[in-house]
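First comes the structure, then the notes that go with it.
The values are calculated or read from the model by the stated rules, or taken from the named source; none is laboratory data. No experiment lies behind these values; they were computed from the predicted model shown. Cβ atoms come from the backbone with ideal geometry, glycine included; neighbour counts cover every protein chain shown.
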Amino acid sequence: MYLCTLKNNIFFVLICGLKKTMKAIVLFGAPGSGKGTHSALIAQEYNFLHLSTGDILRAEVASKSDLGKLVDGYISKGALVPDELIINILAKKIDENIDANGIILDGFPRTVTQAEALDEMLERRGKKIDVMVDINVAEKTLFDRLVLRGSISGRADDTPETIKKRLAVYREQTEPVKAHYKRTNRYFSADNNGSVEQCFEQIKGLI
Ligand code: B4P
């Protein structure tokens, strides 16, 4: 009887320990830097869950819900959606996938407020962000890649005017998020000016 209880307790402690080892990665970078491209590759290589706030918001817009109409008003102008809105959406997604092997956050956090909210949200759930990977690409290349993507996909926010606005919003509101991760020794950078394969090799080395 005693041995059985002891075994159950050890099993419980092991399971809790394993759950705590879930990897959580932030993929960071300017619009068009390749966050979506590399998140998909990491998800496939390591069997991690890929949560893209851009994809989640676009699905909401496509559903034509009231929330979608509200979101569309921001995205189509190249602005960020309000922090409170996206933080609540992300918390719900994390709760739905709390037992995942690993999570890649693609496009979140995009403001310092979101970064602080994310740390608090994960801490309450006994988790943390292990690493931020900052994907670097020259501004001119970013612009060209997004214009090209727009011409293929027809994405409403990939027009030259909106791209310029998104890059400006990135410099003003999103770039300061790097300091939050540098301060806590979780910041790493990767270069995506060359091929996707070259950049992915760097990212695998970091993970
Ligand atoms: P996102 O969907 O996150 O879009 P993104 O930043 O434009 O793209 P990403 O960096 O993923 O680039 P990709 O891999 O596709 O956001 C869209 C909008 O949603 C935001 O503007 C905002 O309004 C809203 N939003 C999202 N998250 C939010 C948040 N947390 N808070 C508030 N608002 C939020 O790559 C781009 C192109 O480059 C692709 O065509 C790809 O094929 C190509 N490419 C990538 N790497 C390459 C390489 N090495 N060589 C050649 N081409 C390459």
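Some observations on this one:
- Enumeration of residues in the range 28-55 that are among the β-branched types (V, I, T) and either surrounded by fewer than 18 Cβ atoms within 10 Å (Cβ to Cβ) or within 8 Å of the ligand (Cβ to nearest atom) (or both): T37, T53
- Number of positions in the range 178-206 that are in contact (Cβ under 8 Å) with a residue 24 or more places away in the chain and touching a strand residue (DSSP E or B) at 6+ places or on another chain (Cβ under 7 Å): 12
- Some residue of the range 89-97 being exposed (fewer than 15 other Cβ atoms within 10 Å of the Cβ), modelled with pLDDT under 95 and not in a helix (DSSP H, G or I): yes
- Taking the range 72-84 as the range and being more than 8 Å from the ligand (Cβ to nearest atom), in a helix (DSSP H, G or I) and surrounded by 13 or more Cβ atoms within 10 Å (Cβ to Cβ) as the test, only D72 passes.
- Set L41, L18: member being at pLDDT 95 or above, in a helix (DSSP H, G or I) and out of contact with any strand residue (DSSP E or B) (no Cβ under 9 Å at 6 or more places or on another chain): L41
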